[in-house]
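In what follows, a structure is listed as structure tokens, so that the remarks can point back to it.
The values are calculated or read from the model by the stated rules, or taken from the named source; none is laboratory data. Since the model is a prediction, treat every value here as computed from it, not as a measurement. A quick note on method: Cβ atoms are made from the backbone with ideal geometry, for glycine too, and the neighbour counts reach across all protein chains shown. Surface accessibility is based on the protein's heavy atoms, side chains included, excluding ligands, DNA and RNA. Shrake-Rupley method; radii C 1.70, N 1.55, O 1.52, S 1.80 Å.
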Amino acid sequence: MHHFYPLKAIKVRKETNDSINIAFEIPPNLKNEFSFKQGQYLNLRFVFGDEDLRRSYSIVNAPTEGNAELEILVKHLDGGKVSTYLNNELKAGDSIEVMAPMGHFYTNYHPSNEKTYVGLAAGSGISPVLSNLKEALYLEPKSKAYLFFSNKSFDQIIFRKEIDELAEKFNGRLKVVYILSREKHFEDELFEGRITAGKLELLFARFEEIPIQGATYFICGPTEMIKGISDYLKNDKKVPSLQIMYEYYAAPDDEENAEMSDEFKAIPNLESMVTVIIDDDEYSFHLNSKKNSILDQAIKEKLPVPFACKGGVCCTCKAQVLEGEVFMEKNFALTDDEVAKGYVLTCQCHPTTNVVMLNYDV
């Protein structure tokens, strides 16, 4: 179920001086496998020597815009092996191992809807936000969208040409505001700084036509930005939680998410027999509840388990608990409804009963 397929990169274009836009060709026999929802992501696999590295990148396309390829953006990170390789060495015609699209950073659209969508993005966080806004504009002719997009400077604005063309194409339905954190804005000093709760309060005052409580929000960027804005919208503006969607690119780094929480320390110290179902095959191994996570032990046992971030941010290692109980340390990806149905992120799970069975084929 969780297979990697070799896809050819048919376009490799420098987007800014530290980011690259990659388009993958989807062969006819994989069209169904790689059908996708707006805002989803792709898992890429790289083998460098003895290292098996996985990275997740959001899809930039919208399903209805008519692009036959799948596009991602990769920002170069200092010391990042994968991002360095992709930005400096990848060329058109090269193949990369890619897993089918995953994720649920999206809402459902219908042509009869008349809604307002607000995108709040910083840097490379634009990818899933842009995908969602494009789908809304293409599918819902009565809906409007606002994009507040933060970058360091004008020459660092990712996808600026495409965004400007979209604003022209959907004139009157899409309003774009570029916010600069390290450069003076030629138009208005309100559009300087970073996107924070205080900045959003001022933007709402300027664009008073936005129905704050009725709008749907897509947020992606640094952890501090996501937490600050989402809390402000929920607590100060009383926006229903279902209308606030956000996606982390990395696990939030704060005290309550320390490597060993008080809750983890409190779980029983026991030996467990863990069985995992992968592609209809069953594999079993022993695991102490205080040692490796279920995913890490499965990898150690050389089992074909799916994984990517290992930080509780993506859903690649999602499985459903069929028997026994587990403790999940972090969760920044599963919905409350999924958790209620027994789904877990195995990269964050430790057994709390002597027998545990999980199914990855979900």
Q) Given labels modelled 7 Å from the Cα in the Cβ direction, how far is it in nm from residue 303 to residue 196? A) 4.6
Q | Under 27 Å from the Cα of residue 199 - lysines, other chains or at least 8 residues apart | A | 75, 115, 134, 144, 152, 161, 175, 184, 227, 234, 237, 238
Q: Using a 1.4 Å probe and counting only protein heavy atoms, arrange 110, 2 so the residue with the most accessible area comes first.
A: 110, 2
Q) Quick one: if the Förster radius is 41 Å, what FRET efficiency do residue 8 and residue 355 give, using the C-beta to C-beta distance and rounding to 0.05? A) 0.35
Q) Label points 7 Å out from Cα along the Cβ direction at residue 189 and residue 213: separation in nm? A) 3.4
(Q) Between residue 155 and residue 88, what is 0.36 nm times their sequence separation minus the Cα-Cα distance? Round to one decimal in nm. (A) 22.1 nm
Q: Quantify, in whole percent, the carbon and sulfur part of the accessible surface of the range 1-79 (1.4 Å probe; protein heavy atoms only).
A: 47
Q | Theoretical FRET efficiency, 1/(1+(r/R0)^6), r = Cβ-Cβ of residue 173 and residue 227, R0 41 Å, to 0.05 | A | 0.85
Q. Once you sort the root eigenvalues of the Cα gyration tensor of the chain as a ≥ b ≥ c, which label holds: rounded (a/c under 1.5), prolate (a/b larger than b/c) or oblate (the other case)?
A. prolate
(Q) Counting only protein heavy atoms and a 1.4 Å probe, tell me what percentage of the range 151-230's accessible area is made up of carbon and sulfur. (A) 49
Q. In what sequence, largest accessible area first, do 189, 338 appear using a 1.4 Å probe?
A. 189, 338
Q | Within the range 273-310: backbone nitrogen closer than 19 Å to the residue 48 label point (7 Å, Cα to C-beta) | A | 307-310
Q | the chain, accessible area per residue, ligands and nucleic acids excluded (1.4 Å, Å²) | A | 47
(Q) If Rh is defined by the Kirkwood formula over all Cα pairs and Rg also comes from Cα, what ratio Rg/Rh do you get for the range 54-167? (A) 0.98
Q: Could you calculate the contour length gain from residue 261 to residue 206, that is, 0.36 nm times the residue separation minus the distance between their Cα atoms, to one decimal place in nm?
A: 15.5 nm
(Q) Could you compute the net charge surrounding residue 360? Neighbours are other residues with a C-beta less than 13 Å from the C-beta of residue 360; K and R count +1, D and E count -1. (A) -4
Q) Which lysines have a Cα lying under 24 Å from the Cα of residue 290, excluding residues fewer than 8 positions away in the same chain? A) 265, 300, 302, 310, 318, 330
Q.
Please compute the Kirkwood hydrodynamic radius over the range 4-75, one decimal place, Å, based on all pairs of different Cα atoms.
A. 13.2
